[in-house]
Amino acid sequence: MVRGTLLEKRSIDYVPLAERHGKAWHLWPVWFSGDAHLATLAVGALGVALGGNLLWTSVAVFAGCALGTFFMAFHSAQGPQLGLPQMIQSRPQFGYVGALLVWGVALVTYVGYNSFNQVLAAQALHQLVRSVPATSAATVIGFAAAAAVLAAVGYDFIHIAQRAVAFLMIAMLTVFSVGALLLLKVPAAQWDPAAFRAAPFLAELLAAASYQLSWSIYVSDYSRYLPREVSVRAAFWWTYLGAFMGGAWMMLVGSVAAAAAPTLNVPAALERAASRVFPGFGPVLLVSALFGLVTIAALNFYGASLTLLSVRDTFKPVGPGAGKRLVSIAAAAIVSTAIALDSSSHFLTRFSDLLSLLLYLFTPWTAVNLVDFYLVRKGHYSVREIFNPRGMYGRWNWRGLLAYAVGFIAMMPFFSTGLYTGPIARALHGIDIAMLVGLPVAGGTYLIACRSLDLAADRRRAAAADFGLEPAAEGEGETGPLSAPLQGAAMETRR
């Protein structure tokens with residue numbers, strides 16, 4: 001962002017190299033805090049709620065987080081290379097207009113998750129202050145306002161806030177974890193290796209993996225200001241370590257809380273478990289986790305803002321400036337708050353099913369986007385052509401749209417939600433492995449479809465379009481240096 005200003009001035013536009021700043025390690029606090037909050041606890045509680053014991057639920061949490069974070073972290077490297085937000089990068093795969101497909105789903109996801117977060121925040125405050133109703137409108141509105149203000153200030157301040165929450169939560173989770181190991185009593189059956197049950201184990205594993213994968217829609221929003229010299233490896237590992245540690249640790253806390261108090265809601269179970277470890281520690285941990293919920297809501301509003309502006313850019317070009325971004329943040333906050341205020345426990349159950357469906361919609365997108373970046377175009381894109389409605393990427397890209405459709409259709413028999421359960425999922429007693437099917441099918445289909453793409457011509461055209469985008473330093477290409485894993489492809493293009 002433009003340094004020396006309070007509000008971030010850029011939105012979906014390219015971040016010039018002169019404005020790049022920060023270090024690769026700054027990514028781990030963003031994604032540690034992205035997971036270290038109340039909503040993540042509910043994912044960890046799922047296996048226990050379905051009848052699994054604590055031992056096997058813990059194994060499923062680790063395996064699921066390792067799987068989902070693997071794909072999510074690869075998106076992080078796209079930010080320093082392209083200097084663009086995540087969603088606008090979908091145009092080369094789906095087309096200038098075709099990208100509206102994934103943007104619409106992203107908007108519903110951002111707003112939906114934040115409406116859930118707002119209701120969860122009200123429940124947490126009620127747990128802390130009994131005189132505050134669990135459905136307090138003031139809490140719902142105040143929570144949204146605080147998150148919207150953080151999102152409005154923008155990229156740098158979000159990084160600072162996430163860093164502060166990360167260090168706070170590491171301290172709080174360390175105290176809880178050590179205390180729980182030494183002092184918290186759970187039934188011996190919770191640690192019985194012979195009590196393995198496939199259905200809750202796989203449900204927890206896939207839920208954890210899907211939850212981590214859901215961050216993919218805005219990962220490079222928070223790496224796009226990093227210098228282009230930040231390598232793919234560095235961006236991947238700092239993102240992976242932060243998201244995996246935050247996700248697995250917080251889910252395990254949720255598992256322990258659910259095992260200790262299976263009949264309570266998430267905030268109440270957390271407070272009771274923490275207070276059993278150390279008297280009076282429950283409210284302290286709950287308040288700390290509430291801070292994390294505010295910052296992740298800010299990330300959701302920020303991502304919704306950039307996606308709204310991407311949609312608008314399809315019909316009318318959007319330039320830099322804080323004004324448009326502030327308006328789009330306000331719009332997202334208003335819609336999210338309206339949903340939260342109108343919600344009920346029944347609504348939240350049904351809406352959880354809807355969010356599961358939205359995650360199905362993002363699985364083939366992730367596969368297509370990553371295959372295009374790492375295996376097909378290998379990081380060679382034209383920033384200018386991404387914003388050109390009649391440019392080289394076309395208005396509708398049949399390759400991406402076909403791969404997306406094939407991947408989604410292949411997943412349908414494996415869907416398992418309250419809204420719809422596919423025949424294979426029924427045969428598997430409700431176990432949902434749709435993500436494991438959608439990723440390879442969509443990615444493989446796209447790879448096959450791109451065999452007819454003239455990559456050499458595509459690279460030449462991209463380089464020509466971006467000539468002069470950045471002042472070329474000695475020994476660099478027209479648009480600056482690529483990181484080590486992409487240097488070979490760059491040299492091949494120059495030859």
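Where a number appears in this text, it was derived from the coordinates with a stated rule and is not lab data. As the structure is a computational prediction, the values presented were derived from the model and not from experiment. Note that we place each Cβ from the backbone using ideal geometry, even for glycine, and neighbour counts take in every protein chain shown.
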(Q) Distance between the C-alpha centers of segment 293-328 and segment 247-275? Whole Å please. (A) 34
(Q) Quick check: net charge around residue 395, other residues with Cβ under 13 Å of its Cβ, Lys/Arg +1 and Asp/Glu -1? (A) +1
Q | Eligible lysines near residue 9 by straight Cα distance, threshold 20 Å, same-chain separation 8 or greater | A | 316, 324
Q: Find, among the trypsin sites (Lys or Arg not before Pro) in segment 181-289, those assigned to loop by DSSP (not H, G, I, E, B) with at most 16 other beta-carbon atoms within 10 angstrom.
A: 185, 197
Q: Compute the Cα gyration tensor for segment 137-223, then decide on rounded, prolate or oblate, letting a ≥ b ≥ c be the square roots of its eigenvalues: rounded whenever a/c is under 1.5, prolate when a/b is larger than b/c in the other cases, and oblate in all that remain.
A: prolate
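Could you work out how much longer the chain between residue 453 and residue 421 gets when fully extended? Use 0.36 nm per residue separation minus the Cα distance between them, nm to one decimal.
Details: separation 32, 0.36 × 32 = 11.52 nm, distance 3.73 nm.
Result for the pair: 7.8 nm of gain on full extension.
Given the -39500 (n - 2.57) contribution per DSSP H run of 4+ residues, what per-residue ellipticity at 222 nm results for the chain, rounded to the nearest 500 deg cm²/dmol? List each step's numbers first, then the result.
Numbers: 20 runs with 328 residues, N = 495.
Mean residue ellipticity, 222 nm, calculated: -22000 deg cm²/dmol.
Take the Cα pairs of segment 17-356, get the Kirkwood Rh, then feed it into Stokes-Einstein at 37 °C and 0.692 mPa s and tell me D in µm²/s. All intermediate terms of the calculation are to be shown ahead of the outcome.
Values: Rh = 20.2 Å.
Approximately 162 µm²/s, per Stokes-Einstein.
Sort 448, 329 so that the residue with the fewest other Cβ atoms within 10 Å of its own Cβ comes first and the one with the most comes last. Working shown, then result.
Details: 448 13, 329 24.
Ascending Cβ contact count within 10 Å gives the list 448, 329.
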